[in-house]
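S.K.: Below is one structure. I have some questions about it.
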Amino acid sequence: MHKKDIFEVIYDKHLYEYLIINRNFRIIDYSERIINYCDTDSIDDEDSDIFTLIPELFGMRNDLIDIFDEREDHILLPTISKAPDYYIDITIKRGSNNTLIILLEDVTETIKSKRQLQQDHNEKIILSKELTKKNAQLEVYNMEMNRLVQEEIAKNIENQNLIRLQARHAQMGELIGMITHQWKQPLSIINLNGGYLKIKYSEDIKDKNIFDSKINNILMQSKHLNQTIVDFQNFFNPHATRETFSPREAIDKVLTLVHQDYISKSIHITIDEKCDPCIMGYANEYGQVILSILQNARDAFLSQPNKNMRINISIDKKDQRSIVKIRDNAGGIPSEIIDRVFDVYLSTKKNGSGLGLHISKSIIEQKMGGTISVENVDNGAEFTITVM
């Protein structure tokens, strides 16, 4: 088989075309499709030289002569763009009989693939940089949001503490008013006994029994006043640890402080004790819940008094839980707000703070794990406190 036929078989299977030139740079042979790689429409074997067909070789005569003279083995030209999106590689090697073989390879698809790969790589780099940037921004955002959340939590804790303090101060103010009523009668008795003794002393004491009786009465009343102050101090002294206590005892301590004020306002308080199971929690704060409910009942009576103002406190248990119900006949809670009575700052009283019942709910449900609810029953409101 002729060498040309062999070349044709090889180049048909690959994207190669070829030119064979002599030492005068004239074309002596070429492949059929070589015209597609040249800057001319036809090839004349006699008149066409390589520099006309392939302008990229212009100025390379000496380089070609070096290959003819075996000073160079071959030349590989940089990839050439022949038209938009059309690329070739040119390799020049020494042939037999003082000739050169110029191979032209269509590398368009290879170039396009490389460019696509490079573009994909660049896009991935850009995307990676964008993701890194976004992640950094997101991290900064998350840190800022976390800081703001922590600030809000701290503010909420501070506000809750402030609310508790305000409620405590409000209760203290009201209790001081009640204690004033508690003290009026003992102080009157002390004054009367003291005046009586003064008169008797000036007339010379003859009846020692009367003198002893009056002195004992003064001492008893003083002891009662002192105990009132002790109870008042203990009532507002928060316990840091949970303890077991009796609901009845906590209720009795509250009534010790306030019963005189309620009696003076013709409000009668009764206790119906069916069972008094001990519960776990904070006795003083539990007492403050009882006081807050009693104060709401008292204020309701004062705004709309009736001839039979009564508050009943029932103490019972169910499924190992203490159940205390406080019911009044003060007319009940308006239906439009009864579902919101435990909300902060909600009050039906003209100068009410709206803190008492909100704090009560917080104490019973959050601190003691119980429940507190209210409903209108008959002609009044009934609060139910359930604690394990």
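The values are calculated or read from the model by the stated rules, or taken from the named source; none is laboratory data. Please read these numbers as outputs of a predicted model, since none were measured by experiment. Methodologically, a virtual Cβ is constructed for each residue, glycine included, from the backbone with ideal geometry; neighbour enumeration extends over all protein chains shown.
S.K.: Filter segment 237-254 down to the residues that are at pLDDT below 90, of a type in the set (A, V, I, L, M, F, W, C) and assigned to a helix (DSSP H, G or I) and list them by number.
M.R.: The answer is 254, and nothing else.
S.K.: If you don't mind, another one. Among what's in segment 352-366 and is aliphatic (A, V, I, L, M) and at pLDDT 85 or above, pick the residue that is surrounded by the most Cβ atoms within 10 Å (Cβ to Cβ).
M.R.: 357
S.K.: Another question about this same structure. Does residue 124 qualify as being surrounded by 10 or more Cβ atoms within 10 Å (Cβ to Cβ), more than 25 Å from the chain's Cα centre (by Cα) and without any contact (Cβ under 8 Å) to a residue 12 or more places away in the chain?
M.R.: So residue 124 passes the test.
Conditions tested, residue by residue: (1) modelled with pLDDT under 90; (2) outside the structural domain of residue 59 (by TED's automatic domain parsing); (3) closer than 17 Å to residue 19 by Cα.
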{"residue": "73", "(1), (2), (3)": "yes, no, no"}
{"residue": "79", "(1), (2), (3)": "yes, no, no"}
{"residue": "84", "(1), (2), (3)": "yes, no, no"}
{"residue": "99", "(1), (2), (3)": "no, no, yes"}
{"residue": "113", "(1), (2), (3)": "yes, yes, no"}
{"residue": "117", "(1), (2), (3)": "yes, yes, no"}
{"residue": "120", "(1), (2), (3)": "yes, yes, no"}
{"residue": "127", "(1), (2), (3)": "yes, yes, no"}
{"residue": "130", "(1), (2), (3)": "yes, yes, no"}
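S.K.: Please tell me if residue 111 is surrounded by 10 or more Cβ atoms within 10 Å (Cβ to Cβ), among the hydrophobic types (A, V, I, L, M, F, W, C), within 23 Å of residue 81 (Cα to Cα) and free of Cβ contacts under 8 Å to residues at least 60 places away in the same chain.
M.R.: yes
S.K.: Mind listing just one residue for me: the one in segment 42-59 that is under 15 Å from residue 24 (Cβ atoms) and assigned to a loop (DSSP other than H, G, I, E, B) and, of those, modelled with the highest pLDDT?
M.R.: Filtering segment 42-59 for residues that are under 15 Å from residue 24 (Cβ atoms) and assigned to a loop (DSSP other than H, G, I, E, B), the one modelled with the highest pLDDT comes out as 48.
S.K.: In segment 140-165, which residue that is of a type outside the set (A, V, I, L, M, F, W, C) and either within 23 Å of residue 364 (Cβ to Cβ) or surrounded by fewer than 10 Cβ atoms within 10 Å (Cβ to Cβ) (or both) is modelled with the highest pLDDT?
M.R.: By that ranking, first place goes to 156.
S.K.: On to the next question. Please give the number of the condition residue 263 fails out of (1) without any contact (Cβ under 8 Å) to a residue 24 or more places away in the chain; (2) closer than 28 Å to residue 319 by Cβ; (3) assigned to a helix (DSSP H, G or I).
M.R.: So the condition that residue 263 fails would be (2).
S.K.: Something else now. Does segment 67-82 include one or more residues that are assigned to a strand (DSSP E or B) and among the hydroxyl-bearing types (Ser, Thr, Tyr)?
M.R.: yes
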